[in-house]
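Everything on this sheet refers to the single structure shown next.
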Amino acid sequence: MAVAPTYTLTLEPTWLPVPLRFPWGTFAHPEDWAVELADSLLADTGVGDDGRELLRTTALHLQAMPGPLPGAMERFWRTEFVGGVTIVAHLYVTDSDATSADDLLQLARAGVGGVIQTWSTLEGTAFEAAISAVVVSGTEEARVYGLRHLGVHSGYVFLLDLLHDDPLAVDAVQAELERVFRSIRFA
């Protein structure tokens, strides 16, 4: 397998990267990262030690959790809802023979099954072809909604993926995640 292309992306202020492994940047251990994260997010807010501990614990939990699909390259946490609905997105990169929007549409249900509720092509990205899709999987009692942005570049498919059981949470961040996906650039 060839090496995936080098890329950069821009996160909106409400989204934070969550390390998948350590060491990460200047942090040797997850605990060091979680303490720094809690201190920086709660600086000058008046939140006491209990609140900082809760945020630190939540950050450690999100860092340690397995991704919904194997092989995530990056994990992002929407911090605006800290203490409320947890929203976490993952970025996956894998080699593929896909070359067109139709090919990407065939991959939109990968790992979750279900049906494609809506989809559209995305123009003006750094990808050779790109789509956005909402996939619904599960039963009437337990549904999972997948917001998926897929793009192909140099034989690799990039998937920015949010899986959630609340369609309102998915809808609330759809435009934000599209902007993150559109921000992906290649070296």
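The values are calculated or read from the model by the stated rules, or taken from the named source; none is laboratory data. Computed from a prediction, not measured in an experiment: that's the story for all the values here. Neighbour counts are summed over all protein chains in view; Cβ atoms, including those assigned to glycine, are modelled from backbone coordinates with ideal geometry. All accessible areas refer to the heavy atoms of the entire protein, side chains included, with ligands and DNA or RNA removed. Shrake-Rupley method; radii C 1.70, N 1.55, O 1.52, S 1.80 Å.
Out of ILE116, ILE131, report the one residue that is over 24 Å from PHE186 (Cα atoms) and either touching a residue at least 60 places away in the same chain (Cβ under 8 Å) or in contact with a strand residue (DSSP E or B) (Cβ under 8 Å, 6 or more places away or on another chain) (or both).
Within the list ILE116, ILE131, the selection yields ILE116.
Only strands (runs of 3 or more DSSP E) wholly contained in region 88-185 count here; list those with 2 or more residues that are open to solvent by 50 Å² or more (accessible area, probe 1.4 Å) and over 19 Å from ARG75 (Cα atoms).
In region 88-185, the matching strands (runs of 3 or more DSSP E) lie at 115-121.
May I ask you to list the residues in region 76-87 that are open to solvent by 40 Å² or more (accessible area, probe 1.4 Å) and not polar (S, T, N, Q)?
GLU80, PHE81, VAL82, GLY83, GLY84, VAL85
For region 101-121, which positions are closer than 12 Å to SER132 by Cα and among the aliphatic types (A, V, I, L, M)?
ALA101, LEU104, LEU105, LEU107, ALA108, ILE116
Check region 81-89 and report whether any residue there is of a type outside the set (Gly, Ala, Ser) and modelled with pLDDT of 95 or more.
Yes.
Restricting to region 26-35, name every residue that is open to solvent by 80 Å² or more (accessible area, probe 1.4 Å) and either among the hydrophobic types (A, V, I, L, M, F, W, C) or at pLDDT below 95 (or both).
Of everything in region 26-35, nothing turns out to be open to solvent by 80 Å² or more (accessible area, probe 1.4 Å) and either among the hydrophobic types (A, V, I, L, M, F, W, C) or at pLDDT below 95 (or both).
Can you name the number of the only condition in (1) touching a Phe, Trp or Tyr at 6+ places or on another chain (Cβ under 9 Å); (2) modelled with pLDDT of 95 or more that TRP119 fails?
In the conditions (1) touching a Phe, Trp or Tyr at 6+ places or on another chain (Cβ under 9 Å); (2) modelled with pLDDT of 95 or more, TRP119 misses (1) alone.
For region 40-49: of the residues being open to solvent by 70 Å² or more (accessible area, probe 1.4 Å) and under 28 Å from the mean Cα position of the chain (by Cα), which is nearest to THR79 (Cα to Cα)?
SER40
Considering only residues that are in contact with a Pro (Cβ under 9 Å, 6 or more places away or on another chain) and touching a residue at least 40 places away in the same chain (Cβ under 8 Å), look in region 47-71 and name the one that is farthest from GLY111 (Cα to Cα).
So, considering only residues that are in contact with a Pro (Cβ under 9 Å, 6 or more places away or on another chain) and touching a residue at least 40 places away in the same chain (Cβ under 8 Å), the one farthest from GLY111 (Cα to Cα) is ALA59.
Residues are listed down the side, and each one gets a yes or a no for (1) part of a helix (DSSP H, G or I); (2) farther than 16 Å from GLN63 by Cα:
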position: VAL3; (1), (2): no, yes
position: THR10; (1), (2): no, yes
position: PRO13; (1), (2): no, yes
position: PRO17; (1), (2): no, no
position: ARG21; (1), (2): no, no
position: TRP33; (1), (2): yes, no
position: ALA38; (1), (2): yes, no
position: GLY46; (1), (2): no, yes
position: ASP50; (1), (2): yes, yes
